[in-house]
Amino acid sequence: GEVVALTGPSGCGKSTLCRTLAGFVPSLLRAGVSGEARVAGRSVFETEAAHLATHVGLVQQDPDAQICTMRVRQEVAFGPENLCLSAAEVNHRVDAALATTGIAHLTDRDTTTLSGGEKQRLAIAAILAMAPRVLLLDEPTANLDPAGAKAIFDTLAELHVREEHTLLIAEHRLAPLLPLEPRLLVLDEGRIVARHTARGHEDLVALGLRAAWPRQELPTPPHPGEGVSAHDLTFGYGAAPLFEDLSLSIQPGEILGIIGPNGGGKTTLLRLLAGLETPTAGRIERPNGLRVGMVFQHPHQQIFERTVRQELEIEGSVEPHDRAALLTAARLDGLDDAAPLSLSLGEQRRLTVVTALRTRPGLLLLDEPFIGQDRRNAAWIIGRLLEARAAGAMIVLVSHDIPLLSSLCDRLLYLGEGTIAGSPQDVFTRLAEAGRDAFTPGYWDGDRS
């Protein structure tokens, strides 16, 4: 019946611990293990994973890794159907799980058309439909906007109080967890190094688990060259467009941050700027010969090679000394011969950042680059972006980390119920006036007023 938050540096073992408690290790993911692990009174190492799944459910870091079907309703029904439950019981569980996670309106959608946040909610709904007593959630807010994160944790709090679920939540961003008053376990290099209680934001600050990002007061240098501009863009995947008549521009040496609710068109706008999608109406103007670097929301969508070394050299060889320096700076040293898809989500993300920056692109498009990163690794990514900015790169950055964008970006664009553009302060002021406080830094910095 407890709520436990598991935090620690990227690659410290949070995901491995969750997979072990879910029965994936060592029955499905081969590994050498010793000691004992018990969940719901059963030995994890002596119980079949299929049977354990009725007692413990794991929501993984990457929702794509656990979506099995083509339709939302089919996905939520998949687990209960495999339990051979009656059609009436399956339908009851599916309806309840969809309602609980707030995605009942998506019931007939193709799962491949969902946004990252919508997929995250779907993954949670599919687990809830199995009715486990123990829920393991591996960075469940990674793909959720602030309002969505609060809704999910409000739901988990209700499940915990009303049905006495046990919750173990691996997270870097702890602010949305505070209403659950979790017990904190800090993991480092595979060991629990600290145990704390946390009742409020001030506890995180005292424990060194949360600190404000200082504002980057760097004047935008005057860089010669053309910028990238979009004129009267209209685009959508169905009858209703994601946005209409959207215009924007970005100049060399500028960082534009894009925020907004899941499904609001942030990733789609990046794809349009990259030339991966064609607008229904309007046009995008790019300088001739512009080199574009892109970091996708889900790292596995742009990892192709069998080793980290090969992935790093996918666009040309790198001298051994330079390769070692790049990997060490990204905290990927010693992983030259590792399979990229065997890395943690945070490690995969840093690998894709390194490969995107290697070619010194003039336009750098990044979709949630801070997912899975502890503060040290996030600071490393920030440093690389500031170097690219100083060299004249145009940077467009999508993220739900509102305080970080507030400190880093020259301008912000909010895509959601209407479009708001301007300086970070101007955009946050207008969002607060519109009652969208969840998209302002105060939400993440402990101000719930």
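The values are calculated or read from the model by the stated rules, or taken from the named source; none is laboratory data. Predicted, not measured: the structure shown is a model, and the values here were computed from it. Cβ coordinates were reconstructed from backbone atoms using ideal geometry, including for glycine residues, and neighbour counts include every protein chain displayed. Just the protein is used for accessible areas: all its heavy atoms, side chains included, with ligands, DNA and RNA removed. Shrake-Rupley method; radii C 1.70, N 1.55, O 1.52, S 1.80 Å.
Quick grid of which residues meet (1) among the basic types (K, R); (2) open to solvent by 70 Å² or more (accessible area, probe 1.4 Å); (3) assigned to a loop (DSSP other than H, G, I, E, B); (4) under 24 Å from R173 (Cβ atoms):
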| site | (1), (2), (3), (4) |
| --- | --- |
| L6 | no, no, no, yes |
| A31 | no, no, yes, no |
| A50 | no, yes, no, no |
| L85 | no, no, yes, no |
| D95 | no, yes, no, no |
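The set of residues in region 357-381 that are touching a residue at least 60 places away in the same chain (Cβ under 8 Å), open to solvent by 10 Å² or more (accessible area, probe 1.4 Å) and among the aliphatic types (A, V, I, L, M) comprises L357, I371. Condition check for T352 on (1) polar (S, T, N, Q); (2) out of contact with any strand residue (DSSP E or B) (no Cβ under 8 Å at 6 or more places or on another chain); (3) open to solvent by less than 20 Å² (accessible area, probe 1.4 Å): one failure, at (2). Per the conditions (1) under 17 Å from the mean Cα position of the chain (by Cα); (2) open to solvent by 10 Å² or more (accessible area, probe 1.4 Å); (3) of a type in the set (V, I, T), the sole criterion not satisfied by T100 is (1).
Does A65 satisfy being at pLDDT below 95, in a strand (DSSP E or B) and under 30 Å from P179 (Cα atoms)? So A65 fails the test. Picking from residues in region 127-155 that are in a helix (DSSP H, G or I) and touching a residue at least 60 places away in the same chain (Cβ under 8 Å), the one that is most open to solvent (accessible area, probe 1.4 Å) is K150. For region 146-167, the condition of being β-branched (V, I, T) and closer than 21 Å to K14 by Cβ holds for at least one residue. Within region 298-321, the set of residues being among the polar types (S, T, N, Q) and out of contact with any Phe, Trp or Tyr (no Cβ under 8 Å at 6 or more places or on another chain) comprises Q301, T307, Q310, S317. Residue-level check: of (1) surrounded by 12 or more Cβ atoms within 10 Å (Cβ to Cβ); (2) over 23 Å from R375 (Cα atoms); (3) over 25 Å from the mean Cα position of the chain (by Cα), S317 misses just (1). The selection criterion, being of a type outside the set (V, I, T) and either assigned to a helix (DSSP H, G or I) or touching a Pro at 6+ places or on another chain (Cβ under 7 Å) (or both), does not hold for S27.
Output yes when any residue across region 9-19 is of a type in the set (A, V, I, L, M), under 17 Å from V186 (Cα atoms), modelled with pLDDT of 85 or more and open to solvent by 50 Å² or more (accessible area, probe 1.4 Å), and no when none is. Among the residues of region 9-19, at least one is of a type in the set (A, V, I, L, M), under 17 Å from V186 (Cα atoms), modelled with pLDDT of 85 or more and open to solvent by 50 Å² or more (accessible area, probe 1.4 Å), which makes the answer yes.
Listed by position, the strands (runs of 3 or more DSSP E) enclosed by region 156-203 that each have at least 3 residues that are at pLDDT 75 or above and under 25 Å from A123 (Cα atoms) are 166-170, 183-188. Among the candidates L345, L272, L326, L276, the residue that is within 30 Å of F235 (Cα to Cα) and buried (at least 17 other Cβ atoms within 10 Å of the Cβ) is uniquely L272. Restricting region 296-314 to residues that are within 21 Å of D333 (Cα to Cα) and in contact with a Ser or Thr (Cβ under 8 Å, 6 or more places away or on another chain), which is most open to solvent (accessible area, probe 1.4 Å)? Out of the qualifying residues, it is I314. Please find, within region 239-254, the residue that is modelled with the lowest pLDDT out of those that are part of a loop (DSSP other than H, G, I, E, B) and open to solvent by 60 Å² or more (accessible area, probe 1.4 Å). By that ranking, first place goes to A239. If only residues of region 389-398 that are surrounded by 21 or more Cβ atoms within 10 Å (Cβ to Cβ) and in contact with a Pro (Cβ under 8 Å, 6 or more places away or on another chain) are counted, the one that is farthest from G148 (Cα to Cα) is A393. Among the residues of region 67-81, those identified as open to solvent by 30 Å² or more (accessible area, probe 1.4 Å) and either touching a helix residue (DSSP H, G or I) at 6+ places or on another chain (Cβ under 8 Å) or within 17 Å of A22 (Cβ to Cβ) (or both) are I67, C68, M70, R71, R73, F78, E81. Scanning region 431-445 for residues that are open to solvent by 20 Å² or more (accessible area, probe 1.4 Å), closer than 14 Å to I402 by Cβ and either modelled with pLDDT of 90 or more or in contact with a His (Cβ under 6 Å, 6 or more places away or on another chain) (or both) returns a single hit, A432.
The set of residues in region 329-340 that are under 19 Å from C12 (Cβ atoms) and surrounded by fewer than 12 Cβ atoms within 10 Å (Cβ to Cβ) contains only G334.
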